Every structure is written in structure tokens, then in C-alpha cells.
Amino acid sequence: MKIYLVGGCVRDKLLGKKCKDRDFVVFGCSEEEFFKRFPRAKKVGKKVPVYLVGRNEYTISEYDNIMDDLMSRDLTINAIAEDENKKLYYHPFALDDLENKILRAISLENFKKDPLRVLRLARFYAQLPDFSIEKYSYEILKKVGRDESLMKKIAKERVAQEVLKAIRAKKPSNFFSLLMETGATGYWFSELLYLKKNKEWMAVMDTCNANEICAWMCLAYGFVKNYDNINNATQAFKNMSKKIGLPKKIISGGVSFIKNYLNAMEFFSAGPDIKRDLLYALDREGLVESFFYVMEKITKNNYMDKVNFLLMKIKQIKLPDKYKGLGPKSGEILRNMQIKEIEKWSNS
């Protein structure tokens, strides 16, 4: 049995970064033999024999040797392995591409075999924004990414994983811009083709990459700026978000941003009823901080001081006992009391 450390961990070590996930590839053993060596292994792969041993992932390779395995991978910078003696094995271009900061696809056939690699390449472009895309690799993205029949083969869960990794990355806008530039939106991201005219949202997104919900709100901002009306923007955004299977909280954050954006833009001059309803809706969804963080990045205005003060005022208002238990009327009475409090403060 031969075991090699492969892929991202080796790449990151060579780039001087900390290695987070350790992936290994195994040769010369059956599944039974693997379990004898690692009795606590948990099988997680269905089509491919993949196992978790603690936090480490082991794959029994379908190839006879490490070089054939490496040549079957997505990018040259990921086609690097290290054996138990720390000896390196790599694609002929791998080390030069690392040094020269180039993202190079190994082959068109590799991408056709696993079209998820289109999204992986875009995601690496977000994680390594100082790298450039090699010219032929750019063409591979066009050929595979525009082929809906190929892209539809990707499991929704795997698409969502790549998107989540991309929006946490150093420059998340690179993920979306590369798909748009190459037309590699395929089945999953066809709605992005409408976001080409106004790209202001990309710069905003790159300042919000520390928070998944904020980053997705920035994409929602792109829909607001590029679709002809709010209803169309909302529907298209919902369709794409649900199609790729993102968590409900992230989707609802983006939808809420679209619905509340116009009122937020007029927030400082808006009437007390609009202020109250906007703050109440966002607070109920737990989105106040994320929403106004993005609005501050867009407008360069300081929202949070006033928002926090008004929220405090709203929450201090308690419905008198005599108005409780009246159904919807109780809610309307409380709303009017809150509006009057905001109006009173505004006029003071």
C-alpha cells in the first residue's frame, strides 16, 4: 500500500500557507485492506471509494500510479503529491505555475469528465486573486461551462459548496466575473448574464467577503442594479439561489436586501412609518447588522448609529394591557405607538 499527500495541502505548503485539510490518495490496496490499516475509517464516497479518518480524507485511486492520478486532476497547481519521505511528484507545469501564479487547466477532457471543475477553477480565482488564468484554460471554461447538458450533471450540493467557498474567498467577485466573462454560467448561473451592464456590486462584494450573508446581499444588489424592476430582480435572484441549493438563511438575506433596498436608500429622509417598518422587518429576520453593513459599503453613509438608536426606541414601547389580546388590532396599535415615538424623536 502506497499513500501520498495530495492536492491543496501540498500546494498551500509550497505557497507558505497553513494546511487546513489533508487529502491522501492510496494505491495498491483493496477496500478490505484499507479497513485493516484504518479500522475507524468512515466511507463517504459512493461512486469513488473515499474515506474519512478523523479529519483526513483518503481516496483509493482508480489509477495504477501517482503520476497517472495527478494527470487526471483539474489544475496543474493541484497536481502535486508528497510521499511518506517528503518526496514531491507533480505535473510538469505545476511548480512553474505556482511560482508564476498561473491557473492552468490540465486538459479539456478532465473538465468534461467532471464539469464541477469549471466552478472549482472560478473558485480558485476568487481564493487566489493574484493568479491569472492561462489562455487555453479560459477557452476550456467557455466550452464546458456553456454546455448545459454537461453542467446539469453536477450535483446541486457540490455547486452550493463551491459557491460558499467562493463568497468566503479573498476576492469573491472573481468567481462570478469569470463565469460571466466566459459565458460559463451553464444551467446553474444563467441569471448572471443579466448582471453585465452595472458591475458596481462586485467591488462592494469584495469588501463583504468575511460574512456569507453580506456577500450574497451584494450579489442581490447586482440584481437590483441590472434588472428592470424589483419584482423581476427578486424572482430571478430567488430562482438562482434555490437552484444552487444555498442555505435558506443566506437566500432569505439576499431576497430581503432586494425588497428593502429602495426604502433603505431613502432611509434618512423617509417618514417614521417607513423607518419603523424597515427596521422591524429586518430585526425580525435577524438581518439588521448585515443589511446596513452592506448599505454603508454602497452609500458610504453611517447608518448603524441611527439604526441602533431607533431600534432601541421601538423596542422600549410596550403595548398596554388593555390593548392586548385583540388579534391583528393589537399589532396595529403597537405599530402606531412605535411610529409616533420615532416621529416624536425626529421632531425633537
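If you go through the range 203-229 and keep only what is touching a Pro at 6+ places or on another chain (Cβ under 6 Å) and at pLDDT 95 or above, you end up with Met205, Ala215. The set of residues in the range 177-192 being over 17 Å from Lys242 (Cα atoms) and either in contact with a strand residue (DSSP E or B) (Cβ under 7 Å, 6 or more places away or on another chain) or not acidic (Asp, Glu) (or both) consists of Ser177, Leu178, Leu179, Met180, Thr182, Gly183, Ala184. There is at least one residue in the range 313-324 that is out of contact with any helix residue (DSSP H, G or I) (no Cβ under 9 Å at 6 or more places or on another chain), at pLDDT below 90, exposed (fewer than 14 other Cβ atoms within 10 Å of the Cβ) and part of a helix (DSSP H, G or I). Exactly one residue out of Arg158, Arg104, Arg168, Arg146 is under 23 Å from the mean Cα position of the chain (by Cα), basic (Lys, Arg), surrounded by 23 or more Cβ atoms within 10 Å (Cβ to Cβ) and not assigned by TED's automatic domain parsing to the domain that holds Phe24, and it is Arg104.
Under 20 Å from Cys208 (Cβ atoms), outside the structural domain of Ile333 (by TED's automatic domain parsing) and at pLDDT 95 or above, is that true of Val288? Outline the logic, then answer.
On the way: under 20 Å from Cys208 (Cβ atoms): yes; outside the structural domain of Ile333 (by TED's automatic domain parsing): no; at pLDDT 95 or above: yes.
Here the answer is no, as Val288 does not meet what is asked.
Yes/no matrix, rows are residues, columns are (1) touching a residue at least 40 places away in the same chain (Cβ under 8 Å); (2) β-branched (Val, Ile, Thr); (3) not in a helix (DSSP H, G or I):
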position: Ile154; (1), (2), (3): no, yes, yes
position: Ala169; (1), (2), (3): yes, no, yes
position: Ser177; (1), (2), (3): no, no, no
position: Met180; (1), (2), (3): no, no, no
position: Ile213; (1), (2), (3): yes, yes, no
position: Val224; (1), (2), (3): no, yes, no
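Residues in the range 7-34 that are touching a Gly at 6+ places or on another chain (Cβ under 9 Å) and not in a loop (DSSP other than H, G, I, E, B) were compared, and the one that is surrounded by the fewest Cβ atoms within 10 Å (Cβ to Cβ) is Asp23.
Here Ile66 fulfils each of the conditions (1) touching a residue at least 24 places away in the same chain (Cβ under 8 Å); (2) touching an Asp or Glu at 6+ places or on another chain (Cβ under 7 Å) apart from (2).
Looking only at residues in the range 35-52 that are basic (Lys, Arg) and in a strand (DSSP E or B), which one is modelled with the highest pLDDT?
Within the range 35-52, the subset basic (Lys, Arg) is 36-37, 40, 42-43, 46-47.
Remaining after also requiring in a strand (DSSP E or B): 42-43.
Numbers: Lys42: 89, Lys43: 85.
This residue is Lys42.
The values are calculated or read from the model by the stated rules, or taken from the named source; none is laboratory data. Everything quoted here is computed from the prediction, not taken from an experiment. Counting neighbours? That spans all protein chains shown, and the Cβs are built from the backbone with ideal geometry, glycine included.
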